[in-house]
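The values are calculated or read from the model by the stated rules, or taken from the named source; none is laboratory data. Everything quoted here is computed from the prediction, not taken from an experiment. Methodologically, a virtual Cβ is constructed for each residue, glycine included, from the backbone with ideal geometry; neighbour enumeration extends over all protein chains shown.
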């Protein structure tokens, strides 16, 4: 994914939101979002027990850089397999034009398991937060790089009102400073640079040292083996978001168990 593609994605989101709002006005969506009754705590699923490997297993059909990964996957079956394999939570990509996902994938996955579910998308507006809540998401991803600090704060506050947790994604020290300023509790450290799409798993190891005691680091991208897990454990990171290697596995439950177990 190049910087141009990231800009295209964000620009496309603006048009998506306008089109969606014509079909379902924000007022109706706000009613559908409800009060948060029945939400599953994404934060608690990652917070306990401290030091033990906890994995957010991702449901991902495709990406701009890799093309189709598993375009015909069954989100319900994969969610059930992830739960059986010991996942702490799910991440479901809901972007359609670039990742071939949908909110229907999220709904199907959540209905097939008891795990808390993260809506992973390029969220830039309150409309999308209400949309996530209405679909039953337990948490949302907020990417520092595409959100001004004031907008990030607003979306964090709205998510909290709707009883949804937030995984705040950073890649650089500058991103991390912003995440700390807005009091983000769950910090997803993306080892992948969204400008160049280069991946370096040392990124999370380095940035995690700068987190406060009350913040939880989640390493994302480039984690594909038990050896990768162990390298992160040595650096004090025990929470991970893993997608492509799980989706491509012939036995996702078994592979998950292998990643989690020493």
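Data for the structure
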{"read-out": "Tally, over the range 221-262, of residues that are farther than 21 Å from residue 85 by Cα and part of a loop (DSSP other than H, G, I, E, B)", "value": "2"}
{"read-out": "Enumerated helices (runs of 4 or more DSSP H) restricted to the range 23-108, each holding at least 3 residues that are surrounded by 20 or more Cβ atoms within 10 Å (Cβ to Cβ), in contact with a helix residue (DSSP H, G or I) (Cβ under 8 Å, 6 or more places away or on another chain) and at pLDDT 95 or above", "value": "75-85"}
{"read-out": "Filtered residues of the range 109-122 (kept if within 16 Å of the chain's Cα centre (by Cα), farther than 16 Å from residue 247 by Cα and in a helix (DSSP H, G or I))", "value": "110"}
{"read-out": "Sole exception among (1) closer than 30 Å to residue 77 by Cβ; (2) at pLDDT 95 or above; (3) in contact with a helix residue (DSSP H, G or I) (Cβ under 6 Å, 6 or more places away or on another chain) for residue 191, by number", "value": "(2)"}
{"read-out": "Leading residue by the ranking (nearest to the chain's Cα centre (by Cα)) among those in the range 238-252 that are surrounded by 15 or more Cβ atoms within 10 Å (Cβ to Cβ), within 23 Å of residue 99 (Cα to Cα) and in contact (Cβ under 8 Å) with a residue 24 or more places away in the chain", "value": "241"}
{"read-out": "Flag if residue 208 is surrounded by fewer than 17 Cβ atoms within 10 Å (Cβ to Cβ) and modelled with pLDDT under 95", "value": "no"}
